[in-house]
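Trainee: The following block contains the structure, expressed as structure tokens.
The values are calculated or read from the model by the stated rules, or taken from the named source; none is laboratory data. All of these numbers come straight from a predicted model, not from anything done at the bench. No Cβ is skipped: glycine too gets one built from the backbone with ideal geometry, and neighbour counts run over all protein chains shown.
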Amino acid sequence: MPRFPILPPWRGLPLAAVCALYLFAGLTGHDPWKNDDALHFGIAWELYRGGDWLVPQLAGAPWLDTPPLYYWIAALCGHLFGPLLPLHDAIRLASGLCGALFLALLAFAGRLLHKSSQTKKIGEIGELEDDTRRRTGNAAPLIAIGCLGLLLPIHDTQPFIALLAASAVAYGGFALLPLRPMAGGSLAGLGIGLGFLAGGTLALAHLLPLLLLLPLNRHWRTPTALRGLLITLLLAALLCAAWPLLLASQRPDAYALWLERMLASLRYQSDWWRNLPDFAKLLAWFAWPALPLALWALWLNRRHLGHPAIALPLIGTLTSFGILLLFGEPRPTLQALPLLVPLILQAASSAHLLRRGAANAFDWFGMMTFSFFALLIWLGGSALSFGLPEKIARNAARIAPGYSHEFSLLAFALAVVLSLVWFWLICTSPRSAWRGISHWAAGVALMWTLLITLWLPWVDYGKSYRSVAESLQQALPQEKDAGCIAQRDLGLPQRISFDYFVGIRPRAADSADGQDCPLLLIQGTAAGGRIPQGADWQQRWEGRRPSDRNERFWLYQRIPHTQAAQAAQAQK
């Protein structure tokens, strides 16, 4: 057992400061980026502009892969904060709001897990139950901040962050069931229902099996707990059925399409055992440090696996991992997010009971790792701002050709202050079993904030489609029918970006209203994708993002028949 004091993890203002720094750094100040950020922004943007709140739209077509809860929140954020921020930043604040709820509800669920007074021994040591609750509740958000797989999704326009918050509500309700069935059942049912409205069948697959598995444990097999589970089932069924029933009554065509996609999303992986190495590699970094801490908690409490604080997250972890393995894709980065909730709660229950050597090793690993990465980030920031070191500056210019960095004194001063606080923190923090977790969370927040303050303009220049869209707009002819642009193989994030930045809305080349357009926009790769040069089309423009050497865009203009005939005759 540890021989140094078990001081509590950060709480109060320090905990709130780390959470706020982690959540809101990078949420604003940049354009919608390629893939998920631009994709989900486009859906919320359609709602913001007065789209159908029952059936979200994307590029004029119904979007039914994800239920609408997150997009409702994002559109409301757009209306509330749009006058103060660029619209894409205002909409992206929905992820910050859902992320803050997720961290707060994790702390709430962690405390409820230790509310049972049936045993006061966790990890084979006797502790006051109130102290255990407070420490677990404060540790849970710190461990969540440290999880590397959460870092990018929680700063994107990403509906699964709302699913994480709903899952934390459900786990808090399950923990409260044995003591207060009405309150616990209501919370659990609310969490499952909101989880379905945020994540669809993925939420049900991860949360509903717990209703059947929890009664296997004697704490949830009492008449009181079973009444709570019945309340959970009724409320969850009511909330989960509300949107589909409304959809079926108002838009039966959209309901049929949604049902088809929902059933198709539950594809059983018959060769799931072949994917085990991929899942192991994914979780090794994705769930770090929650996974090793959770495994340590299980080993330490191997004689107390029936305790609610151990049993509930263990059942949840096994359920989520089984769903991920049997129905997930080989590289399901986003699909693995629900697994983090029970893993974090498992880790928080006994993370303070690491052996002294392991706790010190974890602490030193975190301090050295993030100090090293902070130095690398500073070298990159110095190269961007001052051109030194020259080699790094040349590499940055080669990756993003044409980029011109504008020095920001405020961002530079903030980076200096954060770096000094980091070194003050690691030098003055008293030794404690919680110090490694606190330092790891602070290190992740420091690394991410330094990247945002020193590198964000450079990263945004390479990941945004703004320059491509503006270049395309300048290449358009001035004729009256130049607004009719057909597209071939143009991805959804790219279509959203062109529409948002410059108002260009290409039509499908094989559609009735697109086949006669005089302009054709094609997306492809550097190795291929352009249409063969012929008599009917003439290339007018070619573009790409500065940092992308593979993705290409080409704009063609239709040649009038007389000119085409002359060109064909000239070729002969």
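Trainee: Can you tell me which of F386, F373 is loosely packed, with under 12 Cβ neighbours inside 10 Å and not small (G, A, S)?
Mentor: None of the other options fit; the residue is F386.
Trainee: I'd like the full set of residues that are touching a residue at least 60 places away in the same chain (Cβ under 8 Å), within 29 Å of A140 (Cβ to Cβ) and of a type in the set (D, E, K, R), limited to segment 55-113.
Mentor: D89, R92 - these are the residues of segment 55-113 that are touching a residue at least 60 places away in the same chain (Cβ under 8 Å), within 29 Å of A140 (Cβ to Cβ) and of a type in the set (D, E, K, R).
Trainee: I'd like the residue in segment 397-411 that is surrounded by 14 or more Cβ atoms within 10 Å (Cβ to Cβ) and without any contact (Cβ under 8 Å) to a residue 60 or more places away in the chain and, out of all such residues, is nearest to S547 (Cα to Cα).
Mentor: A397
Trainee: Please state which one of A397, A415, A393, A433 is aliphatic (A, V, I, L, M) and not in a helix (DSSP H, G or I).
Mentor: Answer to the selection: A433.
Trainee: Within segment 91-105, restricting attention to residues that are over 14 Å from the mean Cα position of the chain (by Cα) and either assigned by TED's automatic domain parsing to the domain that holds I496 or surrounded by 24 or more Cβ atoms within 10 Å (Cβ to Cβ) (or both), which residue is modelled with the highest pLDDT?
Mentor: So the residue we want is I91.
Okay, residues lined up against (1) in the same structural domain as L259 (by TED's automatic domain parsing); (2) over 27 Å from L15 (Cβ atoms); (3) among the charged types (D, E, K, R):
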{"position": "A144", "(1), (2), (3)": "yes, no, no"}
{"position": "L152", "(1), (2), (3)": "yes, no, no"}
{"position": "R180", "(1), (2), (3)": "yes, no, yes"}
{"position": "A183", "(1), (2), (3)": "yes, no, no"}
{"position": "L208", "(1), (2), (3)": "yes, yes, no"}
{"position": "P215", "(1), (2), (3)": "yes, yes, no"}
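Trainee: How many residues, within segment 405-437, are small (G, A, S) and at pLDDT 90 or above?
Mentor: 5
Trainee: Residues that are over 30 Å from W53 (Cβ atoms), over 24 Å from the mean Cα position of the chain (by Cα) and touching a residue at least 24 places away in the same chain (Cβ under 8 Å): list the helices (runs of 4 or more DSSP H) wholly contained in segment 244-348 that include at least 2 such residues.
Mentor: Helices (runs of 4 or more DSSP H) meeting the threshold: 290-300, 308-327.
Trainee: Considering each residue of segment 499-539, count those that are crowded, with 20+ Cβ neighbours inside 10 Å, over 13 Å from W554 (Cβ atoms) and modelled with pLDDT under 95, and give that number.
Mentor: 1
Trainee: Filter segment 461-489 down to the residues that are touching a Phe, Trp or Tyr at 6+ places or on another chain (Cβ under 8 Å) and among the hydrophobic types (A, V, I, L, M, F, W, C), then identify the one that is farthest from E551 (Cα to Cα).
Mentor: A475
Trainee: Here is a further query. Which ones in segment 279-338 are under 20 Å from A170 (Cβ atoms) and of a type in the set (F, W, Y)?
Mentor: F321, F327
Trainee: Which residue pairs have Cβ atoms under 8 Å apart, sit 6 or more places apart or on different chains, and have a first residue in segment 221-239 that is of a type in the set (D, E, K, R) and a second that is assigned to a helix (DSSP H, G or I) and surrounded by 14 or more Cβ atoms within 10 Å (Cβ to Cβ)?
Mentor: Sorted first by the residue in segment 221-239, then by its partner, the pairs are R221/P215; R227/P181; R227/G185.
Trainee: Among the residues of segment 143-201, how many are among the polar types (S, T, N, Q) and part of a helix (DSSP H, G or I)?
Mentor: Count: 3.
Trainee: Going by the conditions given, is T449 modelled with pLDDT of 95 or more, crowded, with 18+ Cβ neighbours inside 10 Å, out of contact with any Ser or Thr (no Cβ under 9 Å at 6 or more places or on another chain) and not aliphatic (A, V, I, L, M)?
Mentor: yes
Trainee: Have a look at W45, W53, W10 and point out the one that is at pLDDT below 95 and either assigned to a strand (DSSP E or B) or more than 30 Å from A311 (Cβ to Cβ) (or both).
Mentor: W53
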